Amino acid sequence: MTTTQGRPILPSVILETEHLRLRAFVEDDIDDVYASCTDPELQRRVPLPGPGVPYTREDAEAWCRELAPGMRIGGEGQQWAMVEQGTGRLVGAVGLLRTLWAAMTTEVGYWVSPWGRGHGYATEAAVAVSRWALGQGFQRVEIKAATDNAGSRRVAERSGFSFEGVERSAMPLHEGRADLAVYSLLPADLL
Ligand SMILES: CC(C)(COP(=O)(O)OP(=O)(O)OC[C@H]1O[C@@H](n2cnc3c(N)ncnc32)[C@H](O)[C@@H]1OP(=O)(O)O)[C@@H](O)C(=O)NCCC(=O)NCCS
């Protein structure tokens, strides 16, 4: 694994699943990222670009051009655009983030565009990315979802993660704060 200022960097990879191609974000994704990230349900769950701050087209531009690529280069993880194999359309984002290299732990995060929901895409992407992370030598992969986010919690369960407990008041939202349900996947879980 290459390093940046002593921090490892994940290799840049494209992952293929049955229905999705997971690839780096590109300039052409800006319109779909903007449309996805201004969806009220997404904003209720994932307060982008930050709690209390409205999402603008400039945020989508910054995400595709700098922020998403920068997460890999800075050693924080890696972000992939979920693209439908059949149509070539962007249907979501999945990433590894909050990577702790000393502990070899990382977290999977995701959102699915309103037009991509209900097809199993979040699960398909979370399975692919988490298994790839374990293949890179990570010893623990986490998913954290607000306790009342039934869809995201189901994605974690369907992806083979085990529920461990609740982090109280762990996530600021646009309105209030959320308790987070913590799920994990370990190499031994796949034996
Ligand atoms: C939650 C979210 C990622 C689910 O994406 P998706 O691609 O539609 O999920 P999947 O199709 O893989 O569904 C997996 C399971 O969750 C269930 N599910 C999905 N959305 C659900 C919802 N809103 N309520 C209850 N169950 C739901 C599905 O029925 C499926 O269960 P099953 O296999 O038992 O039938 C998507 O709705 C989303 O992006 N929401 C807004 C952002 C968000 O919450 N991100 C996660 C932050 S932790």
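The values are calculated or read from the model by the stated rules, or taken from the named source; none is laboratory data. As the structure is a prediction and not an experimental result, all values here were calculated from the model. So basically every Cβ, Gly included, is an ideal-geometry build from the backbone, and we count neighbours across all protein chains shown.
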Matching residues, the stretch 16-41, being crowded, with 18+ Cβ neighbours inside 10 Å and either free of Cβ contacts under 8 Å to residues at least 12 places away in the same chain or touching a Leu at 6+ places or on another chain (Cβ under 6 Å) (or both): Leu22, Asp29, Asp32, Cys37
Evaluation of Gly75 against (1) touching a Phe, Trp or Tyr at 6+ places or on another chain (Cβ under 9 Å); (2) at pLDDT 95 or above (one fails), failing number: (2)
Considering residues of the stretch 88-99 that are surrounded by fewer than 18 Cβ atoms within 10 Å (Cβ to Cβ) and within 15 Å of the ligand (Cβ to nearest atom) only, the residue farthest from Leu15 (Cα to Cα): Arg98
Residue identified as farther than 21 Å from Lys144 by Cβ, in contact (Cβ under 8 Å) with a residue 24 or more places away in the chain, in contact with a Gly (Cβ under 8 Å, 6 or more places away or on another chain) and among the charged types (D, E, K, R) among Arg7, Arg57: Arg7
Unmet criterion (only one of (1) within 19 Å of Pro49 (Cβ to Cβ); (2) of a type in the set (D, E, K, R); (3) within 11 Å of the ligand (Cβ to nearest atom)) for Glu76: (3)
Arg44, sole failed condition from (1) within 15 Å of the ligand (Cβ to nearest atom); (2) surrounded by 22 or more Cβ atoms within 10 Å (Cβ to Cβ): (2)
Residue ID - nearest to the ligand (Cβ to nearest atom), chosen from residues in the stretch 100-157 that are under 30 Å from Pro8 (Cα atoms), among the acidic types (Asp, Glu) and without any contact (Cβ under 8 Å) to a residue 40 or more places away in the chain: Glu157
